[in-house]
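Okay, structure first, notes after.
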Amino acid sequence: MAEKRNIFLVGPMGAGKSTIGKHLADELHLEFFDSDQEIERRTGADIAWVFDIEGEEGFRQREEDVINDLTEKQGIVLATGGGSVISKNVRNRLAARGIVVYLQTTIDKQVARTQRDKRRPLLQNNDPEVVLRNLAEERNPLYEEVADYVVQTDDQSARSVATQIIEKIGL
């Protein structure tokens, strides 16, 4: 039997990484992990609290540690946090330890998908659209750099995106 491969999902908040990742893991009979959920599990606190207490720098260090641990596993689907690609170490680990799929979405879709979500510390301000545009400018080139495949998630169900990923990867 072939060695189980890892699939790592990267992309901005609201791209559907967690939802699509769950469908993908179900279809491929792999274990699913979400790096943000794993941080919350390990700290016993939500992401917003970690941001408040440790700042973004402290959160990013926790995120890097969690992704390092999770990417050492075999046969998983991992939904990464939107900002995880800021770290060169994270990008290197993702690229070396699995297939990286960039879930691409528009700013308009991100705004629509995240507008009621109070669990996103970077969007707790008066103009989340401006924040999302600035993040996209910084992070989209990093998603593209690390990605083996790019899949557009706008106007598609999570299940159809998961099927598209499976077809692209050839699994």
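Filtering the range 1-49 to residues that are more than 21 Å from Asp155 (Cα to Cα), β-branched (Val, Ile, Thr) and surrounded by fewer than 21 Cβ atoms within 10 Å (Cβ to Cβ) leaves Ile39, Thr43, Ile47. When Lys109 is tested against (1) closer than 17 Å to Leu142 by Cβ; (2) among the charged types (D, E, K, R); (3) crowded, with 16+ Cβ neighbours inside 10 Å; (4) at pLDDT below 95, exactly one condition is not met: (1).
Filtering the range 68-84 to residues that are surrounded by 20 or more Cβ atoms within 10 Å (Cβ to Cβ) and farther than 21 Å from Asn134 by Cα leaves Leu70, Thr71, Ile76, Val77, Leu78, Ala79.
Within the range 93-113, the residues that satisfy the criterion of being farther than 19 Å from His23 by Cβ and under 15 Å from the mean Cα position of the chain (by Cα) are Arg93, Leu94, Ala95, Gln110.
Quick one: count up the residues across the range 68-109 that are part of a loop (DSSP other than H, G, I, E, B), closer than 22 Å to Arg42 by Cα and not basic (Lys, Arg). Total meeting the criteria: 8. Among residues of the range 7-19 that are more than 20 Å from Glu64 (Cβ to Cβ), those with a Cβ under 8 angstrom from a residue that is in a loop (DSSP other than H, G, I, E, B), sequence gap 6+ or separate chain, pair up as Gly14/Thr105; Ala15/Gly82; Ala15/Thr105; Ala15/Thr153; Gly16/Thr105; Gly16/Thr153.
Out of the range 1-22, which residues are outside any loop (DSSP other than H, G, I, E, B) and either touching a strand residue (DSSP E or B) at 6+ places or on another chain (Cβ under 7 Å) or at pLDDT 95 or above (or both)? Matches in the range 1-22: Ile7, Phe8, Leu9, Val10, Lys17, Ser18, Ile20, Gly21, Lys22. Applying the criterion of being assigned to a loop (DSSP other than H, G, I, E, B) and aliphatic (A, V, I, L, M) to the residues of the range 134-171, the residue that is nearest to Ile99 (Cα to Cα) is Ala147.
Checked against the criterion of being surrounded by fewer than 17 Cβ atoms within 10 Å (Cβ to Cβ) and outside any helix (DSSP H, G or I), the range 52-67 has no qualifying residue. Residues of the range 1-34 that are closer than 20 Å to Thr105 by Cα and of a type in the set (Gly, Ala, Ser): Gly11, Gly14, Ala15, Gly16, Ser18, Gly21.
The values are calculated or read from the model by the stated rules, or taken from the named source; none is laboratory data. Predicted, not measured: the structure shown is a model, and the values here were computed from it. Cβ coordinates were reconstructed from backbone atoms using ideal geometry, including for glycine residues, and neighbour counts include every protein chain displayed.
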